[in-house]
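Visitor: One structure, pasted below without further comment.
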Amino acid sequence: MRFPIFILLNFASVLLGSCTATTPFDSLFYRRTLRLDFQLAGDAHSAQAFYGALRDESQWGGSRSQLIDRTGWGAYRVVMLSAAGDTLYTRGFCTLFQEWQSTAEASTLARAFQQSVVMPYPRRPVVVHIEERRADNLFHPILQLSVQPDTPAIIRDAPVVGQPVEVMINGDAAACVDVVFVAEGYTAQRQEQFLLDVHRMSEYLFTMEPFRRHQSRFNVRAVKVVSPDGGTDDPLNHHWVNTPFQSSFNGLGIDRYLLTEQMFMLRDAVAGVPGDVVVLLVDSPLYGGAGIYNHFVVATAHHAQSLPVFVHEMGHALAGLADEYYDSEVSYPDFIDKTKEPWYPNITTLVDFDCKWKHLLAPSIPVPTPDIPEWRNHVGVFEGAAYSAKGIYRPASDCRMKNNTAPGFCPVCQQAIEKIINQLTQ
Ligand SMILES: [Zn+2]
């Protein structure tokens, strides 16, 4: 059963630091981050959100002008409303919980997953909603929280998890896409190797379009975190190690799905560090990774395909791109409702193709587009995507969201990534 949770916080005042109001942003917000920790819980058919904590983190690295999410992407979104009901801030995101809901386990078991969202710190009382996209394709609140900005219930300590290092700084965090790498499974002796790995993976990212042509709009930082043991858990090979974020292969029962479920710890590691995309970089030579929209990237550093896998996962985490493959061990038979148009920018069920990449199709392109040499270098509507060979279509015969050997992102994926870059930097 779904029901909203109402939590009212209204305690004695604590004096906050002030800054001169010089922009519309500054009249509404402090240049600080408000983080909301909660649990998403339920089973295959229901979701509830349970409040955990509010935290005051030092600086706001997001845009100060693009406060309303123009993309409409995400299975969930956070919404901040003024006391008068005006929408002040929105941002879409996806969750590990929703992926787990598609597994067989979710039909027989209820589980809870850690979730955090960040937003600019309001100057005046606000209401924050966590909203879930349901079958009607509309967002419905599953948590409603009244926030008094000066309440002592907001945690203001600064967790010390690691040591931030600047890797590539091109400008103000508010005007750049901020990528922050966090070390996982790197022992004390491997911290310099972590920085070398961050440089290597960043340099590869900026060889790929559209990242290459927008490199000057990106900042890259790294957070060194010392791990007691090296590497990560590999349960199917009976390999277990002690690492700060308890990352592990075999996530959701998929051998090469590399995950952490310790979201609060990961958010602690980047508290005060601008991070539009958080990348947990794992000191492992094995193949695997994960990317969830506005949630995280998890990538290994030392497999022969680590670089292309990392960029693929960035497509998920930064731009909400769907997988364009359909022939792997990953099988979520009901992940996409084929009777509706999915929100993902790079797949379509043809229910409402006009809102997708129809404007990029040449007049001569047949719909659906046969995957034959004549059309393989064109933007088309190729059947097979998002773990389903039938009824879901992708924009290109090949793309980095389909294959690690693809030369890069297809034009539709590039356009989606550019849309997010613009939203984060304008
Ligand atoms: Zn693509």
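Visitor: Answer yes or no: is there a residue in region 104-114 that is among the aromatic types (Phe, Trp, Tyr), under 21 Å from Gly253 (Cα atoms) and either assigned by TED's automatic domain parsing to the domain that holds Phe245 or surrounded by fewer than 21 Cβ atoms within 10 Å (Cβ to Cβ) (or both).
Guide: Yes, region 104-114 contains at least one residue that is among the aromatic types (Phe, Trp, Tyr), under 21 Å from Gly253 (Cα atoms) and either assigned by TED's automatic domain parsing to the domain that holds Phe245 or surrounded by fewer than 21 Cβ atoms within 10 Å (Cβ to Cβ) (or both).
Visitor: Could you list, in sequence order, all residues of region 187-245 that are among the hydroxyl-bearing types (Ser, Thr, Tyr) and not in a loop (DSSP other than H, G, I, E, B)?
Guide: Of everything in region 187-245, those that are among the hydroxyl-bearing types (Ser, Thr, Tyr) and not in a loop (DSSP other than H, G, I, E, B) turn out to be Ser202, Tyr204, Ser216.
Visitor: On the basis of being more than 12 Å from the ligand (Cβ to nearest atom) and either buried (at least 17 other Cβ atoms within 10 Å of the Cβ) or basic (Lys, Arg) (or both), does Lys358 make the cut?
Guide: It is true that Lys358 is more than 12 Å from the ligand (Cβ to nearest atom) and either buried (at least 17 other Cβ atoms within 10 Å of the Cβ) or basic (Lys, Arg) (or both).
Visitor: Looking at region 411-422, which of its residues are open to solvent by 30 Å² or more (accessible area, probe 1.4 Å) and within 12 Å of the ligand (Cβ to nearest atom)?
Guide: Listed by number, the residues that qualify are Pro411, Gln414, Gln415.
Visitor: Do we find a residue being within 30 Å of Gln39 (Cα to Cα) and open to solvent by 70 Å² or more (accessible area, probe 1.4 Å) anywhere in region 163-181?
Guide: Looking for residues that are within 30 Å of Gln39 (Cα to Cα) and open to solvent by 70 Å² or more (accessible area, probe 1.4 Å), one finds at least one in region 163-181, hence yes.
Visitor: Quick check on region 283-326: of everything there that is away from the ligand (no atom under 16 Å from the Cβ) and aromatic (Phe, Trp, Tyr), which residue is farthest from Asp337 (Cα to Cα)?
Guide: Tyr287
Visitor: State which residue pairs qualify: first residue outside the structural domain of Ser227 (by TED's automatic domain parsing) and farther than 30 Å from Arg213 by Cβ and inside region 155-183, second residue open to solvent by 50 Å² or more (accessible area, probe 1.4 Å) and of a type in the set (Lys, Arg) in any location, beta carbons under 7 Å apart, and separation of 6 or more residues or different chains.
Guide: Ile155/Arg55
Visitor: List the number of the failed condition for Ala188; all other conditions in (1) farther than 21 Å from Gly230 by Cα; (2) at pLDDT 95 or above hold.
Guide: Failed condition: (1).
Visitor: Regarding region 218-236, can at least one residue be identified that is among the aromatic types (Phe, Trp, Tyr) and under 19 Å from the mean Cα position of the chain (by Cα)?
Guide: Scanning region 218-236, I find at least one residue that is among the aromatic types (Phe, Trp, Tyr) and under 19 Å from the mean Cα position of the chain (by Cα), so the answer is yes.
Visitor: Which of the following residues is surrounded by 22 or more Cβ atoms within 10 Å (Cβ to Cβ) and within 23 Å of Trp100 (Cβ to Cβ): Asp337, Asp323?
Guide: It is Asp323.
Visitor: Just to be sure, is Ile392 open to solvent by less than 20 Å² (accessible area, probe 1.4 Å), away from the ligand (no atom under 11 Å from the Cβ) and assigned to a helix (DSSP H, G or I)?
Guide: Judged against the criteria, Ile392 is not a match.
Visitor: Can you find a residue that is open to solvent by 70 Å² or more (accessible area, probe 1.4 Å), in contact (Cβ under 8 Å) with a residue 24 or more places away in the chain and acidic (Asp, Glu) anywhere in region 223-234?
Guide: Looking for residues that are open to solvent by 70 Å² or more (accessible area, probe 1.4 Å), in contact (Cβ under 8 Å) with a residue 24 or more places away in the chain and acidic (Asp, Glu), one finds none in region 223-234, hence no.
Visitor: Look through Gly380, Gly408 and report the one residue that is more than 26 Å from Phe139 (Cα to Cα), surrounded by 16 or more Cβ atoms within 10 Å (Cβ to Cβ) and either in contact (Cβ under 8 Å) with a residue 24 or more places away in the chain or more than 13 Å from the ligand (Cβ to nearest atom) (or both).
Guide: Gly408
Visitor: Test Gln262 against the criterion of being out of contact with any His (no Cβ under 6 Å at 6 or more places or on another chain), open to solvent by 60 Å² or more (accessible area, probe 1.4 Å), polar (S, T, N, Q) and assigned by TED's automatic domain parsing to the domain that holds Glu313, and give yes or no.
Guide: no
Visitor: Here's another thing I want to ask about it. Look through region 124-158, keep the residues that are within 19 Å of Ala84 (Cα to Cα) and assigned to a loop (DSSP other than H, G, I, E, B), and return whichever of them is most open to solvent (accessible area, probe 1.4 Å).
Guide: This residue is Arg124.
Visitor: Just to be sure before I move on: is Thr425 open to solvent by 30 Å² or more (accessible area, probe 1.4 Å), more than 13 Å from the ligand (Cβ to nearest atom) and under 30 Å from Leu281 (Cβ atoms) in the structure I sent?
Guide: Spelling it out, it is not the case that Thr425 is open to solvent by 30 Å² or more (accessible area, probe 1.4 Å), more than 13 Å from the ligand (Cβ to nearest atom) and under 30 Å from Leu281 (Cβ atoms).
The values are calculated or read from the model by the stated rules, or taken from the named source; none is laboratory data. Bear in mind that the values here come from a model prediction, so they are computed numbers and not experimental data. Here the Cβ is made from the backbone with ideal geometry for all residues, glycine too, and neighbour counts use every protein chain on show. Surface areas here come from the heavy atoms of the whole protein model, side chains and all, with no ligands, DNA or RNA. Shrake-Rupley method; radii C 1.70, N 1.55, O 1.52, S 1.80 Å.
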